[in-house]
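Trainee: Handing you a structure now.
Quick note: the coordinates plus some simple rules give every number you see, no bench work behind them. All of these numbers come straight from a predicted model, not from anything done at the bench. When we count neighbours, we look across all protein chains shown, and the Cβ atoms used for this are built from the backbone with ideal geometry, even at glycine.
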Amino acid sequence: MFDVFRNVLAEIEGEISEANFKTWFKDVKLAEIDKEQKVAVINVPNVFVTKQMEAKYAGMLREAFLHNNIELERLEFSVKSAATRVRPREVINDEGVRLGGGERVASAREVAEHIAVPRMPIKTFTTGLNSKYTLDNFVVGSNNDLAAGVARLIVQDPGGKYNPFFLYGGPGLGKTHLVQAIGNAILERNPKLKVLYTPTNHFYSEFINAVRANKGEEFVRKYQRLDVLIIDDFQLIIGKDRSQEEFFNIFNDLHQANKQIIVTSDRLPEQIKTLDARLASRLTWAGAYDLQFPGFEDRCAILKAKAEMMGAEIEDAAVEYIAESVKTNIRDLEGEFQKLLVMSEVKGMTPLEIINEGYVSGSVVQRRRNVTARQVVEKVAKYYGLTVVEMTGRSRVSNIKTARQVAMYLLSKELGMSTTKIAPEVGVKDHTTVMNGIRKIERDQKTDGQLRDQVEQIKESVYS
């Protein structure tokens, strides 16, 4: 029966992209099949995979089973986290021959004799990685599934097809989590590799200190010896010309040696002011992958997965309330969730009771309750140096039109207003104009870092 499931997976692998297959089917296992009841139970690693299976792949799975002469009326998905795998200890002799875990397993005497040889202390290598960031606890959704799929492929082949890996998106969407998870997973597969995670400002400070101490060559050698370099928040390289030049040289050295380079930014390279054009081009040689803000269902899945990891109990209605109320970023979403759980423990009440009793005052949720449409319109107008009358008038001047569309977007996303209610607030008659304006801001934020910054700054001013 389990051979049949291998055939089922092989069929699905041929029908969907490699990235999607790796993301959704990597840890999926067949638990049992009841032919009489026409039911199959399939183990999946987390709640979010369950939702994706039910929404996207259940029909495909049933069809693949049918092609293998098994007719199913129902599929049941059971969350079973993959057990931690313990690797056999490898011992390498002086000639570099593996004595365990390779083609030949050494005898007990050989291993004992080898271990008995005095060893020099091994110098530890500081990776900068946080072990709490793993691919297993990175919740994958429609907002990040492509980037997550590529991340898993990089772990299997560092320095290969996806090198460099350029990841971009707004603040609090999980960029740091994903790239550190790649580093941790690579080290789990091969602990001998030199992996370094460093924020851009640390790279800059280290470079400046090395130059002042006349240790520039030592600084370069440190980076040239790496197998994997992870640079976070690359947009902070703006205005640091000497650091840019040094990074450009290090990038070339590592790339030519097939060493993996991973870079995150809140915008695309060409949108980073003063960035050298040659470096901007190189950073996206293997493509650019973005993280977007998760939709409502994805936000619910993130919170449920976090609750599962924490061993916390929370009602679906409470999860949905938080997911609907917090629309800034994942960091705020998880912060609000954590605050709710703490309040629940302190008060001795369930999370839903805490919400119903109004104990979330002062939180992101409460602040959003207190914001009016007029306040949003005024803040947007002020940010763009306009009066409300100018912004809500009929002018089609570029900056006024953009301000009007940003107001539409924020009224929709932050206050949950319908397009028909938004129209009179921004001075337009047709609700389709509002729909088009919202879509334009959504689309442009994916590639325009400056616009994304503007929207975030206006949000902060609205809720401050």
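Trainee: What aspartates and glutamates does K259 reach when the alpha-carbon gap must be under 16 Å and sequence neighbours fewer than 8 apart in one chain are set aside?
Mentor: D157, D227
Trainee: Given H placed 1.01 Å from N in the peptide plane, which residues other than close sequence neighbours of V79 have an amide H under 5 Å from its amide H?
Mentor: V44
Trainee: Looking at F77, V44, P171, which one has the Cα that reaches farthest to the positive end of the dipole of the chain (charges on Cβ: Lys, Arg +1; Asp, Glu -1)?
Mentor: After comparing all options, I get P171.
Trainee: Give me the distance between the Cα centres of the stretch 380-458 and the stretch 194-251, rounded to whole Å.
Mentor: That distance is 40 Å.
Trainee: Next up: Say each of A317 and E345 gets a label point 7 Å from the Cα, pointing the same way as Cα to Cβ; how far apart are those two points in nm?
Mentor: Here the answer is 2.5 nm between the modelled labels.
Trainee: Quick one: longest stretch of the chain between exposed loop chymotrypsin sites (Phe, Trp or Tyr not before Pro), exposed meaning at most 16 other C-beta atoms within 10 Å and loop per DSSP? The partial results should precede the final answer.
Mentor: Numbers: sites that count: F125, W285.
Counting at most 16 other Cβ atoms within 10 Å as exposed, the longest clean stretch of the chain is 286-464.
Trainee: Roughly how big is the stretch 220-365's charge dipole about its Cα centre, with Cβ charges of +1 (Lys, Arg) and -1 (Asp, Glu), in debye to the nearest 20?
Mentor: It comes to approximately 940 debye.
Trainee: Taking the Cα centre of the chain as the origin, how large is its charge dipole in debye, to the nearest 20, when only Lys and Arg (+1) and Asp and Glu (-1) carry charge on their Cβ atoms?
Mentor: My answer is approximately 1260 debye.
Trainee: In sequence order, what are the phi-derived ³J(HN,Hα) couplings for the stretch 170-184 according to the Karplus relation 6.51 cos²θ - 1.76 cosθ + 1.60 with θ = phi - 60°, rounded to whole Hz, with x for glycine and proline?
Mentor: Karplus-based 3J(HN,Hα) across the stretch 170-184 equals x, x, x, 9, x, 4, 4, 4, 5, 6, 5, 4, 4, x, 5 Hz.
Trainee: What's the ranking of 171-177, 240-246, 436-442 by average number of surrounding C-beta atoms within 10 Å, highest first? Each step should come with its number before you reach the end.
Mentor: Working: 171-177: 20.1, 240-246: 15.9, 436-442: 17.4.
Ranked by mean Cβ neighbours within 10 Å, highest first: 171-177, 436-442, 240-246.
Trainee: Would you work out which of T284, Y359, I330 lies farthest towards the positive end of the dipole of the stretch 271-365, given +1 charges on the beta-carbon of Lys and Arg and -1 on that of Asp and Glu, about the Cα centre?
Mentor: Of the options given, the answer is T284.
Trainee: Say the cut-off is 30 Å between C-alpha atoms; which of K175/K413; K222/K459; K401/K421; K339/K421 go over it?
Mentor: Working: K175/K413 22 Å; K222/K459 41 Å; K401/K421 19 Å; K339/K421 33 Å.
Those over the limit are K222/K459; K339/K421.
Trainee: With θ set to phi - 60°, apply the Karplus curve 6.51 cos²θ - 1.76 cosθ + 1.60 along the stretch 416-431 and write out the HN-Hα couplings as whole Hz, x wherever there is a Gly or Pro.
Mentor: x, 6, 6, 5, 5, 7, 6, 3, x, 5, 10, x, 10, 9, 9, 5
Trainee: Between A301, V371, G348, whose Cα lies farthest towards the positive end of the dipole of the chain when Lys and Arg beta carbons carry +1 and Asp and Glu beta carbons carry -1, centred on the Cα centre?
Mentor: Among A301, V371, G348, the one farthest towards the positive end of the dipole of the chain is V371.
Trainee: Residue by residue through the stretch 453-461, what is 3J(HN,Hα) from phi via Karplus (6.51 cos²θ - 1.76 cosθ + 1.60, θ = phi - 60°)? Round to whole Hz and write x for glycine and proline.
Mentor: Per-residue couplings from phi come out as 4, 4, 4, 5, 5, 5, 4, 4, 5 Hz.
Trainee: Can you list the aspartates and glutamates whose alpha carbon is less than 18 Å from that of K429, not counting same-chain residues fewer than 8 positions off?
Mentor: The qualifying aspartates and glutamates are E390.
Trainee: Separate question: Taking amide H positions as placed in the peptide plane 1.01 Å from N, state which residues far from S142 in sequence (5 or more) or on other chains have amide H under 5 Å from it.
Mentor: For S142, whose amide H was placed from the backbone, there are no distant partners under 5 Å.
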